[in-house]
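Below you'll find the structure, written out as structure tokens, and then a few comments.
Nothing in this text is a laboratory measurement; each read-out follows from the coordinates by a stated rule. All figures in this text were calculated on a predicted structure; none of them were measured in a lab. Because the Cβ atoms are built from the backbone with ideal geometry, glycine has one as well, and the counts that use them run over all protein chains shown.
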Amino acid sequence: MLGLATPPEMQSLQTVVNWCRTTVDALAERLDVSGFRTGDPGADELLWSWWKRNDMVVASDAAHTEALVQGIAFVVVGRDPDEPSVPRYTVESSEALTVEFDQFGRHLRAALRRYIEPETGELFVTLYGPNVTRSYQQRHARWHLVDEDEHRLGVVPVVPVVNRSRVTDWFGETEMKDVMTIVDAVCRTATNLSAASETLAVPSRYVIGASRDDFVDAETGEPIPVWEGYLGRLNALSNAEARVVQLDGASLENFTKTIELYGKVVSSLTGLPVHYLGISPNGNPSSADAIRSGESRHVKRAERKQSGFGSAWSQVSDIALRLVAGAQLPVSTTWSDASTPTVAAKADAVVKLVQSRILPVEGAWLELGYDADKRALYRSLMSGDPLQQVLESLVPPPREEAPRGAVE
């Protein structure tokens, strides 16, 4: 704040327009992991059960948000001491964990996590290596080994979730980088708007030609309170020379139009629809088609995030399989649809694909965004439903087209 439009005495009116949070949350809300595919249905269900046991439906959102805010987050895979058959997933911030990259293979060579016990203030560190994980505690200015896990994975059990990685910058960057300075400008304008609403937006009254004696109570001879004079006496002064003048409040449209302009700039930089920022494009509610068209760029950005973050979650699942089950399978991450189509339109398109034998029933479930639990439930219901078996037998096979030029 320069203090030109808002004096220092009114700094308490400072207003924060947190479009930075909107930029991050709007993307994070479209990133929902729905399952994993390995080609082995049993392994798929196992990976999803581990996902739920670690409450990753919530923790994955925290990882995505951390990566979008800080540029990078980390997921640590370890053994659960209480249940060795279930791996433990832990989401870590870059403020507590540091890593060393292999400059050639873009793989981690080592990772170090620092932890302070809140109650005792004791300091712990965990060193993650490609074959062993060791935990140390600091006592009397020396480090003492307290735990060791010789996993022999050949890789560091720490996976970075990177946002906006570049060829020369593997640590990513915050999603808010492009809008920070714009948000600062919006906050200044909103603060000046608050100050103007206190000083200029309210009509003002001025008294011309009156003396101090006109504001003295005739019975007691004491000066009347300011509020009483404002509410009553200014409308009926006994001094014939006095006049009361009222100045109308100033319009604040210059502030609101400036904020709308900044909102459009943020929309162009981030792909956010302007109505996400509280701005109506034409003053009227948009139609459903117009809303979907305005969200197309933002949806595409979310799908790009799914590709990058999905690679990280696939690595997490691969390390978990090798650590606990001793198996190594190619893992791909499936996501819920990042767009916002209507349920009826999506269902209609999927039904047509199933009827034409382009999609199997389970493929339709994936297209509709059903997670692994719901797919398993429907699979069990259909396997024992005699009506479903009859309906499947009545569906004619697809008609094969005759080669061009052949005579039927």
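Residues whose amide H comes within less than 5 Å of that of ARG79, counting only those at least five positions distant or on another chain, are ARG88 (H built at 1.01 Å from N in the peptide plane).
Relative protection proxy for 138-151, 180-193, 17-30, from highest mean packing down: 17-30, 180-193, 138-151 (other beta-carbon atoms within 10 angstrom). One chain, two ends: GLN246 and TYR115. Fully extended at 0.36 nm per residue, the span grows by 40.7 nm beyond their Cα-Cα distance.
When +1 charges are put on Lys and Arg Cβ atoms and -1 charges on Asp and Glu Cβ atoms, the dipole computed for region 139-189 relative to its Cα centre reaches about 180 debye.
The residue among VAL69, SER94, VAL58 whose Cα reaches farthest toward the positive pole of the charge dipole of region 43-157, with charges on the beta-carbon of Lys, Arg, Asp and Glu, is SER94. Given R₀ = 22 Å, FRET efficiency for GLU362-ARG53 by Cβ-Cβ distance, to 0.05? Efficiency computed from Cβ-Cβ geometry: 0.40. Using Cβ point charges alone (K and R +1, D and E -1), the dipole size of region 77-134 about the Cα centre works out to roughly 340 debye. Straightening the chain between ARG142 and SER85 buys 17.1 nm, computed as 0.36 nm per residue apart minus the Cα-Cα spacing.
What the phi angles of region 85-94 give under the Karplus curve with 6.51, -1.76 and 1.60, with θ = phi - 60°, is a coupling list of 7, 10, x, 10, 9, 10, 8, 10, 8, 5 Hz, glycine and proline written as x. For a straight C-alpha distance cut-off of 21 angstrom, the lysines reachable from LYS300 (same-chain residues fewer than eight places away being disregarded) are LYS177, LYS264, LYS346. Between the beta carbons of SER380 and ASP289, assuming R0 = 30 Å, the FRET efficiency works out to 0.20 to the nearest 0.05.
Label separation (LEU269 vs LYS346): 3.2 nm, computed from points 7 Å beyond Cα along the C-beta direction.
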